[in-house]
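The values are calculated or read from the model by the stated rules, or taken from the named source; none is laboratory data. Just so we're clear, the structure is a prediction, and the values are computed from it rather than from any experiment. Don't worry about glycine lacking a Cβ; one is built from the backbone with ideal geometry, like all the others, and counts go over all protein chains shown. Just the protein is used for accessible areas: all its heavy atoms, side chains included, with ligands, DNA and RNA removed. Shrake-Rupley method; radii C 1.70, N 1.55, O 1.52, S 1.80 Å.
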Amino acid sequence: MKASTLAFRSAVCLGLTGMTGGIVMAASHNHTLAPAHAHLNLLGWASLFLIGLFYRGNAALDASRIATAQVGAWVLGTIVLIAGVTGIYAGYPQLEPAAGIGSIIVVGAMLLFAYLVFRPERASIAPSLGMAPAE
Ligand code: HEM
């Protein structure tokens with residue numbers, strides 16, 4: 001699957017989850033989990049969709065395994081982080097390590113994204129083309 005497709009599909013799923021949480025908070029007048037809701041929407045919906053747009057604009061990178069792995073790491077880190085933040089605010093402090101582990105995974109995914117963004121464009125296109133032009 002292309003990196004951008006994985007990013008867009010994951011972002012929609014995470015965004016729907018975050019928005020549903022927002023509606024539940026609003027309806028119940030219980031905003032205890034607002035920090036988890038905010039992180040889920042900002043990391044899982046807004047940031048991930050922007051990452052997908054970047055890959056969609058770079059066709060060769062979009063088809064590369066490293067970009068797909070970067071999106072996968074971002075999604076995994078976001079889910080683990082949200083589990084931890086939810087635990088902390090819901091009264092399960094034993095889940096706090098998940099927030100730390102998830103945040104480290106997300107920062108790692110951000111560092112990989114930074115590498116792909118700063119990498120010279122020719123170097124990012126060459127390895128994943130794998131095709132010779134038609135005669
Ligand atoms: C159906 C859509 C959404 C609903 C119903 C909703 C609902 C809420 C509610 C009830 C709160 C708590 C407000 C408070 O305690 O003062 C909140 C906070 C927040 N929401 Fe949403 N929200 C939605 C979508 C989004 C999206 C898409 C984003 C970001 C991309 C977002 C970012 C935030 C932030 C940053 C906060 C503040 C968190 C905090 O103070 O700790 N929300 N939202």
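Taking the stretch 65-80 as the search range and keeping residues that are surrounded by fewer than 21 Cβ atoms within 10 Å (Cβ to Cβ) and of a type in the set (Gly, Ala, Ser), which one is farthest from Ala11 (Cα to Cα)?
Ala69
Before we move on, is Gly108 at pLDDT 95 or above, within 23 Å of Thr5 (Cα to Cα), assigned to a helix (DSSP H, G or I) and open to solvent by less than 70 Å² (accessible area, probe 1.4 Å)? Outline the logic, then answer.
Working: at pLDDT 95 or above: yes; within 23 Å of Thr5 (Cα to Cα): yes; assigned to a helix (DSSP H, G or I): yes; open to solvent by less than 70 Å² (accessible area, probe 1.4 Å): yes.
When the stated conditions are applied, Gly108 passes them.
When the residues of the stretch 21-38 are narrowed to those that are part of a helix (DSSP H, G or I) and not aliphatic (A, V, I, L, M), which ends up nearest to the chain's Cα centre (by Cα)?
So in the stretch 21-38, the residues part of a helix (DSSP H, G or I) come out as 21-28, 34-38.
Next, only the ones that are not aliphatic (A, V, I, L, M) stay: 21-22, 28, 35, 37.
Values: Gly21: 18, Gly22: 19, Ser28: 28, Pro35: 17, His37: 15 Å.
By that ranking, first place goes to His37.
With respect to Thr78, determine if the residue is among the hydroxyl-bearing types (Ser, Thr, Tyr) and touching a residue at least 60 places away in the same chain (Cβ under 8 Å).
Values: among the hydroxyl-bearing types (Ser, Thr, Tyr): yes; touching a residue at least 60 places away in the same chain (Cβ under 8 Å): yes.
Yes.
What number of residues within the stretch 44-58 satisfy the criterion of being touching a residue at least 40 places away in the same chain (Cβ under 8 Å) and surrounded by fewer than 21 Cβ atoms within 10 Å (Cβ to Cβ)? So that I can check it myself, show each step before the final result.
Filtering the stretch 44-58 for residues touching a residue at least 40 places away in the same chain (Cβ under 8 Å) gives 48-49, 51-56, 58.
Then keep just the ones that are surrounded by fewer than 21 Cβ atoms within 10 Å (Cβ to Cβ); that gives 49, 53-54, 56, 58.
The number of residues fulfilling the criteria is 5.
Look through the stretch 26-43, keep the residues that are open to solvent by less than 80 Å² (accessible area, probe 1.4 Å) and near the ligand (Cβ under 8 Å from one of its atoms), and return whichever of them is farthest from Gly84 (Cα to Cα).
Looking at the filtered set, the residue picked out is Ala26.
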